[in-house]
Amino acid sequence: MPAQPKAASARADRRRASRELIFWAVLIIGFVSLVVGLSLLPAADAASGPARVGKRLADFSLQTLDGRTVQLSDYRGRTVLINAWATWCPPCRREMPDLHALYLRYQSSGVELLALNAGESPDLVQEYIQQSGFTFPVLLDPGAKVLNQLGIHDYPTTILVDPQGVVQVLHIGLLTPAAMDTELIPHLP
């Protein structure tokens, strides 16, 4: 009879060891899964989606009229005015001389103006810009894809982005000189 208690005790020890091994294996697999899952999440400052005041603006890459590729992140550390416009948009055409004057006034302070054209032909845009004498960078957005990703569907729309890439102002519609004074200038260096 003494062999039976030893055998039972050995079986109990093996079951306990087996349960302990399973416990540690599940714990390790769970921890590894958590670490891998967290590493697949987007970075905290990787922005995407529509422009929102107080949120980082998603980076984008577009070509200028002269064929250079420009990214919003190229301007990190500077205040950037982004103006969504089109030649067929009367309020856009009305506000552009005032935006150009603002750009010229604050350019030496590190302010940049990026005029994102809403999907028009490069020749049409080039002709309008040259005839108007505007000197700010004009970016071409074929099919208005970037503007759509930023949630911009109304023209004109002006976004002021601070040096850290965070949207400070989102103005939809005509930006009058009075609105520039109250909405934009307080955020400019």
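Overview of results
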item: Charge dipole (segment 98-189, unit charges on Cβ, about Cα centre) - positive-most of VAL138, GLY165, TYR103; result: GLY165
item: Whole-Å semi-axes of the ellipsoid equivalent to segment 40-189 (Cα gyration tensor, √5λ, descending); result: 22, 19, 15
item: Heavy-atom accessible area order for THR182, THR157, THR176, largest first, 1.4 Å probe; result: THR182, THR176, THR157
item: 1.4 Å probe accessible area per residue over segment 95-142, in Å²; result: 43 Å²
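The values are calculated or read from the model by the stated rules, or taken from the named source; none is laboratory data. None of these values were measured; they are calculated from a predicted model. Glycine gets a Cβ as well: all are built from the backbone with ideal geometry, and neighbour counts include every protein chain shown. SASA here: full protein model, heavy atoms, side chains in, ligands and nucleic acids out. Shrake-Rupley method; radii C 1.70, N 1.55, O 1.52, S 1.80 Å.
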